[in-house]
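See structure below.
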Amino acid sequence: MREPHLILGLGELLWDVLPDGPRLGGAPANFTVMAARLGSHAVLLSRIGRDDLGRMALERLRPMPADTSFIETDHAHETGRVTVYFEAGQPHYTIHHPAAWDFLELTDEWMRLAERADALCFGSLAQRSQESRQTIQTMAAQASSRCIRVFDVNLRTPFYSGEVIQESLELASVVKMNDAEVPRVLGLLGLPAGDAEMWSSDEFSQERRTYEQQSAERVLNEFPTLGMVAITRGGHGSLLVRRDEWHEHPGYPVKVADTIGAGDAFTAALTHYLLRGAGLATLNEAGNRWGGWVASQAGAMPALSDDLRKEIETKIEA
């Protein structure tokens, strides 16, 4: 029997402090838990403080299938926190700074994992500090040529820059961003960003769809090592673009509990099926099935029974 793929989630582990109480999160942590649930050996590489929130984070993760044995402990900085509030169902964030995950330390153990990894996912938020930025980019650069390097754009004001986006895309083989981030990323890269008013409406006109596809093609042309651009559209599905093909998915209607972690579930499912050699239609199906399920649940790491997992997997592979 073949060993499970080794997938690394690299970056922030933090508590989302919501109106109804704290929930564990951080895009890399959400990604890693979902990747592990789908059957990979998924390792979370992050850093927590020597504090109650850090201990609570490890306790919360203990029953999850993700490998937490490589998480670092920081003696000087607190475990990360984000205050979250909602407007029209969409989350808004106050990300407290600095946090333990701003000081990711590049260890020999982490480097050995990077050299063996089948896939590695990293974002822009965890690169807000020089220490973590250097660790993340070194690991992505040292990963093998067969490793799928997923850059999950996560623009959180004021913690991003054109320089970080540029450097991350140069290291990535796949980039995932949401539709609202598309014109901002293009602007940061100095590429034509289009009409901002097009993005003020929830309607996905043909003009907007065409613009997204052309934007993805521009990014692919700008970064030769990049193989695919994934654009999520919330309840409107997603678009996947390669140099020689593209595929749209309309998404699935769900009753949204909250959208925290839905994009991370999409990225995890995309990565899982990429490693299995799936085509764009299956990649889109998997991303929307799992992203939609997380959006229908409260929090980014909702309970998942084996029966429900098998039911969703069957629908994807039908």
Loop-exposed GluC sites (Glu not before Pro) per DSSP, neighbour cap 13 Cβ within 10 angstrom, longest uninterrupted part of the chain: 1-104
Among Val17, Val153, which comes first, then next, by fewest other beta-carbon atoms within 10 Å? Val17, Val153
Could you tell me how far the Cα centroid of region 41-58 sits from the Cα centroid of region 244-300, in Å? 26 Å
What are the ³J(HN,Hα) couplings of region 244-256, residue after residue, when phi is run through the Karplus curve with 6.51, -1.76, 1.60 and θ = phi - 60°? Round to Hz, x for glycine and proline. 10, 6, 8, 8, 10, 10, x, x, 10, x, 9, 7, 6
Residue by residue through region 69-77, which ³J(HN,Hα) values in whole Hz follow from phi under the Karplus form 6.51 cos²θ - 1.76 cosθ + 1.60 (θ = phi - 60°), with glycine and proline marked x? 6, 9, 5, 8, 10, 9, 8, 10, 10
For the chain: relative contact order, % (alpha-carbon pairs under 8 angstrom, 6 or more apart): 15 percent
Report the trypsin sites (Lys or Arg not before Pro) located in region 25-99 that are in a DSSP loop and have at most 16 other Cβ atoms inside 10 Å of their Cβ, or state none. Arg50
Relative to the compact-globule estimate 2.2 N^0.38 Å (N residues), the Cα gyration radius of region 81-127 stands at a ratio of 1.62
Work out the length of the dipole vector of the chain about its Cα centre, built from +1 on the beta-carbon of each Lys and Arg and -1 on the beta-carbon of each Asp and Glu, and round it to the nearest 20 debye. 500 debye
Region 1-49 - percent relative contact order, Cα under 8 Å, separation 6 or more: 46 percent
Nearest-20 debye value, region 66-133 charge dipole, Cβ charges on Lys, Arg, Asp, Glu: 260 debye
Whole-Hz Karplus couplings 3J(HN,Hα) for region 109-114, θ = phi - 60° and coefficients 6.51, -1.76, 1.60, Gly and Pro as x, run 4, 5, 5, 5, 5, 4
Of all DSSP beta bridges in the chain, antiparallel share, percent nearest 5: 40 percent
Express the relative contact order of region 111-240 as a whole percentage, based on alpha carbon pairs under 8 Å and six or more residues apart in sequence. 22 percent
Dividing the helical contributions, -39500 (n - 2.57) per DSSP H run of n ≥ 4, by the residues of the chain yields a 222 nm value, nearest 500 deg cm²/dmol, of -12000 deg cm²/dmol
Return the Cα extents of region 18-111 along principal axes one, two and three, sorted largest first, each rounded to a whole Å. 43, 35, 21
Given the C-alpha atoms of region 6-317, compute the convex hull and give its volume per residue in Å³. 121 Å³
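Read-outs throughout are calculated quantities, based only on the coordinates presented, and are distinct from any laboratory measurement. The structure presented is a predicted model; accordingly, all values stated were derived computationally and were not measured. With ideal geometry, Cβ positions are generated from the backbone for all residues, glycine too; neighbour counts draw on all protein chains shown.
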